[in-house]
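As structure tokens, the structure follows; a few thoughts come after it.
The values are calculated or read from the model by the stated rules, or taken from the named source; none is laboratory data. Just so it is clear, the structure is predicted and the values come from calculations on it, not from any experiment. Neighbour counts run over all protein chains shown; Cβ positions are idealised from the backbone, glycine included. These accessible areas exclude ligands, DNA and RNA; they are computed on the full protein's heavy atoms, side chains included. Shrake-Rupley method; radii C 1.70, N 1.55, O 1.52, S 1.80 Å.
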Amino acid sequence: APQMAPIHFELLQEAARSSGYMLEVLPAEDQGAVDEGLKYVNNDACFPAIVMIGQIIKALKSGKYDKNNTSVIITQSGGGCRATNYVAFLKLGLEQAGFPNVPIISVNAVGLEKQPGFKYSMGLINRCIMALVYGDLFMRLLNRTRPYERFPDSAELLYKKWNEKAKANIRKGRKREFNNNIKNIIHEFDRMELIDKRKPRVAIVGEILLKYHPLANNDIVGILEEGGAEAVVPDLMDYILYTTYNVRFKYKFLAGTKLDKDLCQLAAIYLESYRKTMRKELQKSSRFFAPMSINELADMASSLLSLGNHTGEGWLIPAEMIEFIEQGASNILCLQPLACLPNHITGKGMIKPIKKQYPFANIMAIDYDPGISKVNQLNRIKLMLSIAFKKHSNKQSKKMPVH
């Protein structure tokens, strides 16, 4: 499987292996993957496709894998997005690279590219949900504490300790232990010694792979922390809940069926049951923020645009922007692949309406593509940070509380 979100995918790999699936997630830091992708994917294609397909072909070329006994697994959105065409891109790339017989497994919820040789088990599904919730929690806690460490690397050491315990829990698949771990993780991160200082909080929204993949976004979290800011990244689980929520709109206004709507509502309730303890404990914390429910996100987005915007990340992008502004992170970077049409409308295109509603918001869109200068991206980030620091300084001088 190609890499997308290192914290989450390390745990997803554990979930798959402990359920009997011999999954190997490819490494996160691999610049050669982009170069490989450019050889086999049209350069006008979506940048995430180039990154993902490049990773796969580079791995198969390495000689590490028996091409007669190896399959590839990827996700597809199934909507009006170039991600829906990733399998077609990948098939052509594999054929041109000399791997025409490597099977491709597509993970999607709309019945694309059915693969009779691969079945999902309930054990795999439950363990994967645990992995995603653990991943979201670790990402949330690390980003909130790492910029303020009193002792260098203390957040990373605490994360590594609990990451191993999370893997052990995923292997067993016990939900009671899972809930206890969630409580204890939050409790220990809450007690971690931090310096008494507040930095500008910068939220990262946009296209799903660019938000989480350090290779694709040039390690934007690291850049922000080096620049003296605190990065805030949305939960990966929100995207899955967003796709289940969209079926309600399809049933009400388009060609969706009642059965699909009911099944997706049940799926959302089931997914949220795994976040219940995390949300409750984060709400009790004085240091961390709890995620909003998908219903709350949808309500906030509906004040700006139709919830019928399902293409790509759709209405979820402006919803996440509003969520972070409401939680005190009014500095926002909107990441998008160059020429990503969905993002130009529901991401970059929503900056003006959001700033009309929140005039103090500091929002900057950044394009990503193999041909775009990293220096240009860095300059735009620094420009956004300079405004963020100025706002932050004004707040501090007025002795306003910064949460």
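Which residue pairs have Cβ atoms under 6 Å apart, sit 6 or more places apart or on different chains, and have a first residue in the stretch 249-262 that is part of a helix (DSSP H, G or I) and a second that is β-branched (Val, Ile, Thr) and open to solvent by less than 90 Å² (accessible area, probe 1.4 Å)?
Filtered contacts from the stretch 249-262: Asp260/Val247; Lys261/Val247.
Between Phe249, Phe253, Phe289, which is touching a strand residue (DSSP E or B) at 6+ places or on another chain (Cβ under 9 Å) and among the aromatic types (Phe, Trp, Tyr)? It would help to see each step written out before you state the result.
Values: Phe249 fails: touching a strand residue (DSSP E or B) at 6+ places or on another chain (Cβ under 9 Å); Phe253 fails: touching a strand residue (DSSP E or B) at 6+ places or on another chain (Cβ under 9 Å).
Testing whether each residue is touching a strand residue (DSSP E or B) at 6+ places or on another chain (Cβ under 9 Å) and among the aromatic types (Phe, Trp, Tyr) leaves just Phe289.
Of the residues in the stretch 282-321, how many are open to solvent by 30 Å² or more (accessible area, probe 1.4 Å), within 16 Å of Asn184 (Cα to Cα) and assigned to a helix (DSSP H, G or I)?
Residues flagged as open to solvent by 30 Å² or more (accessible area, probe 1.4 Å), within 16 Å of Asn184 (Cα to Cα) and assigned to a helix (DSSP H, G or I) within the stretch 282-321 amount to 2.
Hey, could you check the stretch 31-52 for residues that are surrounded by fewer than 18 Cβ atoms within 10 Å (Cβ to Cβ) and in a loop (DSSP other than H, G, I, E, B) and say which is modelled with the highest pLDDT?
Among those that are surrounded by fewer than 18 Cβ atoms within 10 Å (Cβ to Cβ) and in a loop (DSSP other than H, G, I, E, B), it is Asn42.
Looking at Asp196, is it surrounded by fewer than 23 Cβ atoms within 10 Å (Cβ to Cβ) and outside any helix (DSSP H, G or I)? Spell out the reasoning first.
Working: surrounded by fewer than 23 Cβ atoms within 10 Å (Cβ to Cβ): yes; outside any helix (DSSP H, G or I): yes.
When the stated conditions are applied, Asp196 passes them.
Conditions tested, residue by residue: (1) touching a His at 6+ places or on another chain (Cβ under 9 Å); (2) more than 20 Å from Ser286 (Cβ to Cβ); (3) open to solvent by 10 Å² or more (accessible area, probe 1.4 Å).
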site: Gly135; (1), (2), (3): yes, yes, no
site: Phe138; (1), (2), (3): yes, no, no
site: Thr145; (1), (2), (3): no, no, no
site: Glu149; (1), (2), (3): no, no, yes
site: Lys161; (1), (2), (3): no, yes, yes
site: Ile170; (1), (2), (3): no, yes, no
site: Arg174; (1), (2), (3): no, yes, yes
site: Phe178; (1), (2), (3): no, yes, no
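Within the stretch 182-193, restricting attention to residues that are touching a residue at least 40 places away in the same chain (Cβ under 8 Å) and part of a helix (DSSP H, G or I), which residue is surrounded by the most Cβ atoms within 10 Å (Cβ to Cβ)? Walk me through it before giving the result.
Quick first cut of the stretch 182-193, residues touching a residue at least 40 places away in the same chain (Cβ under 8 Å) only: 182-183, 185-187, 189-190, 192-193.
This time we only want the ones that are part of a helix (DSSP H, G or I), so: 182-183, 185-187, 189-190.
Values: Ile182: 26, Lys183: 14, Ile185: 23, Ile186: 22, His187: 12, Phe189: 23, Asp190: 16.
Looking at residues that are touching a residue at least 40 places away in the same chain (Cβ under 8 Å) and part of a helix (DSSP H, G or I), I get Ile182.
Which residues, taken from the stretch 322-335, are out of contact with any Leu (no Cβ under 7 Å at 6 or more places or on another chain) and either surrounded by 18 or more Cβ atoms within 10 Å (Cβ to Cβ) or among the acidic types (Asp, Glu) (or both)?
Ile322, Phe324, Ile325, Glu326, Ala329, Ser330, Asn331, Ile332, Leu333, Cys334, listed by residue number.
Which count do you get for residues in the stretch 322-371 that are within 18 Å of the chain's Cα centre (by Cα), part of a loop (DSSP other than H, G, I, E, B) and without any contact (Cβ under 8 Å) to a residue 60 or more places away in the chain?
Final tally of qualifying residues: 0.
Here is a yes/no grid of residues against (1) under 17 Å from Leu26 (Cα atoms); (2) surrounded by 15 or more Cβ atoms within 10 Å (Cβ to Cβ):
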{"residue": "Gly54", "(1), (2)": "yes, yes"}
{"residue": "Gly79", "(1), (2)": "no, yes"}
{"residue": "Ser121", "(1), (2)": "no, no"}
{"residue": "Met130", "(1), (2)": "no, yes"}
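For the stretch 57-74, which residues satisfy the criterion of being open to solvent by 10 Å² or more (accessible area, probe 1.4 Å), touching a residue at least 12 places away in the same chain (Cβ under 8 Å) and closer than 15 Å to Pro27 by Cβ?
Of everything in the stretch 57-74, those that are open to solvent by 10 Å² or more (accessible area, probe 1.4 Å), touching a residue at least 12 places away in the same chain (Cβ under 8 Å) and closer than 15 Å to Pro27 by Cβ turn out to be Lys58, Ala59, Leu60, Lys61.
Which of the residues spanning the stretch 75-106 are hydroxyl-bearing (Ser, Thr, Tyr) and within 16 Å of Met4 (Cβ to Cβ)?
Thr75, Ser77, Tyr86, Ser106
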